[in-house]
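Every number here is computed from the coordinates shown, using simple stated rules; none is lab data. What you are looking at is a predicted structure, and each value in this text was computed from that prediction instead of being measured. Cβ placement follows ideal geometry from the backbone for every residue including glycine, while neighbour counts extend to all protein chains displayed.
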Amino acid sequence: MKKLFCLLACGSLLVAACNNSAKNNTPASGAAGGGQIKEAGQSSALTFEEKVHNFGEIAAGEKVEYSFKFTNTGTSPLLIEDAISSCGCTVPEWPKEPIKPGQSGYMKVIFDSHGKSGYTEKEISVKINNSDGYVVGPKIQCNIITK
């Protein structure tokens, strides 16, 4: 009986410690991911004007680029922390300075079709100061023609 009581007591203490730890790790001032601090109730949000751009047919080995316009539709400054593509042949470039609420910017995507053929679709994943991970960004599409 003593062992059961001790086991229950230890389990209760463990649960209480975990709950207390989780409460202490919650930012009181509404901190966003990536160390960005914002006021409670505010957040940044990234909205692309166009979600997909199709280059149509391009020649194998050709490099093409397109600039996707985006707007900060949130209530606090937007900072793009990172952007990655589903392949090394696609390179995103984005502004490094914060974008104020309501303001717009451009994310340039450069695609190198060298060594590729046929229909191709590449997606950009974006990490902003309001997300815990990467969110789906814009896509490019094309049909690569070999000669």
| Footprinting exposure proxy for Phe55, Phe111 (fewest neighbouring C-beta atoms within 10 Å first) | Phe55, Phe111
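Want the number for Val64 to Lys96: 0.36 nm per residue separation, take away the alpha-carbon distance, what's left?
Full extension of this stretch gives 9.3 nm more.
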| field | Spatially near lysine pairs across the range 82-147, Cα under 16 Å, sequence gap of 8 or more or different chains | value | 8
| request: Mind giving me the nanometre distance, one decimal, between the label points for Ser104 and Lys51, set 7 Å out from Cα along Cα→Cβ? | output: 1.9 nm
| query | Could you put Ile140, Ile128 in order, starting from the residue whose Cβ has the fewest other Cβ atoms within 10 Å? | reply | Ile140, Ile128
| query | For Ser86 and Thr73 in one chain, what is 0.36 nm times their gap in residues minus the Cα-Cα distance, to one decimal in nm? | reply | 2.1 nm
